[in-house]
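The next block holds one structure in the form of structure tokens; read it before the comments.
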Amino acid sequence: MIDKEAEKIKEKVTLNAEIPEVKKISMWLDDYNDMFSDFDPRPYSERALSDDFLNASHKMFRETKTGKFELRLLVPKSMRDEKQESLIKRRLKSFFKHRENEGKEKIDNATKKGVSLAFFGFIMMVLATYLYYIENDGFFLKFLIVILEPAGWFSVWYGLDQIFYTAEEKKSSYNFFKKISEADIIFDEY
């Protein structure tokens, strides 16, 4: 009897361990306009999102690193309109997905640029080393060495900077938009 109960508890624990925990992030809104720019008169389907809304969202999502997310937007009961909420959800999802794709593209471009610069810088340093090796006393070869050596070093270091620092800086924004674009957006009342 005790073994059967222990087995049931073990089975429940195992099942619960496999279900990822949903992290709920809630934001209070006075009305739907709190999410959008005050200066943009267009309808919700096209309207620019408010910097305050984006900054607050970014701050909340940054504090939670991984997992499945749920963005719960709390609106007063008297202000709720399901038609508007559906439209706003689509607008938010498309905006966040677009920004996620932009971020991924920026990271990829910075990485490609960095690899290219580092590679060409390395080639310049190899060429400068070869010119040292052939020991020609001509003015042109010495001038070429003077140009190639610092240009090579600069290109290598700048390329590595693009790979390890610039791309990393862009990952913070990309990670935010990736998390929020994959989050379930739910309107609720308070």
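Quick note: the coordinates plus some simple rules give every number you see, no bench work behind them. Keep in mind it's a predicted model, so treat the numbers as computed, not measured. For neighbour counting, all protein chains shown are included, and Cβ atoms are generated from backbone atoms with ideal geometry for every residue, glycine included.
Taking each residue as 0.36 nm, the span from K93 to D30 lengthens on full extension beyond its C-alpha to C-alpha distance by 20.6 nm. The overall shape of the chain is oblate: from the C-alpha gyration tensor, with semi-axes ordered a ≥ b ≥ c, the ratio a/c is 1.5 or greater and a/b is no larger than b/c. With each label modelled as a point 7 angstrom along the Cα→C-beta vector, the D51-S37 pair spans 1.0 nm.
Loop only per DSSP, at most 10 neighbouring Cβ atoms within 10 Å: give me the trypsin sites (Lys or Arg not before Pro) in the stretch 48-134, ordered by residue number.
Values: sites: K59, R62, K65, K68, R72, K77, R80, K83, K89, R90, R91, K93, K97, R99, K104, K106, K112, K113; in loops: K65, R80.
The qualifying sites are K65.
Taking 0.36 nm per residue of sequence separation and removing the Cα-Cα distance, the D184/V115 pair yields an extension gain of 21.2 nm.
Could you check which residue among S78, S50, S86 shows the biggest mean-square fluctuation in a GNM of the chain with a 10 Å Cα cutoff? Of S78, S50, S86, the Gaussian network model singles out S78 as fluctuating most. Relative to the longest principal axis of the Cα atoms of the chain, the long axis of helix 82-134 makes an angle of roughly 20 degrees. Straight-distance candidates among the aspartates and glutamates for linking to K171, with alpha-carbon spacing under 20 Å and chain neighbours fewer than 8 residues away dropped: D51, E63, E100, E102, E105, D108, D161, E182. Helix 139-161 axis versus longest C-alpha principal axis of the chain: approximately 10°, rounded to the nearest ten. Using just its DSSP H runs of length 4 or more, each adding -39500 (n - 2.57), the chain gives a mean residue ellipticity at 222 nm of -22500 deg cm²/dmol after division by all residues.
What is the order of E105, E46, fewest Cβ neighbours within 10 Å to most? Write out the running numbers ahead of the final one.
Values: E105 12, E46 8.
The fewest-first ordering by Cβ neighbours comes to E46, E105.
For the chain, the longest principal axis of the Cα atoms and the long axis of helix 2-18 meet at an angle of about 50 degrees.
With the cut-off at 1.5 for a/c, could you classify the stretch 118-159 from its C-alpha gyration tensor as rounded, prolate or oblate? Mind showing how you got there, number by number?
Details: a/c = 3.94, a/b = 2.16, b/c = 1.82.
Note, shape of the stretch 118-159 comes out prolate.
If both residues of a DSSP beta bridge must be in the stretch 22-189, then about 5% of such bridges are antiparallel.
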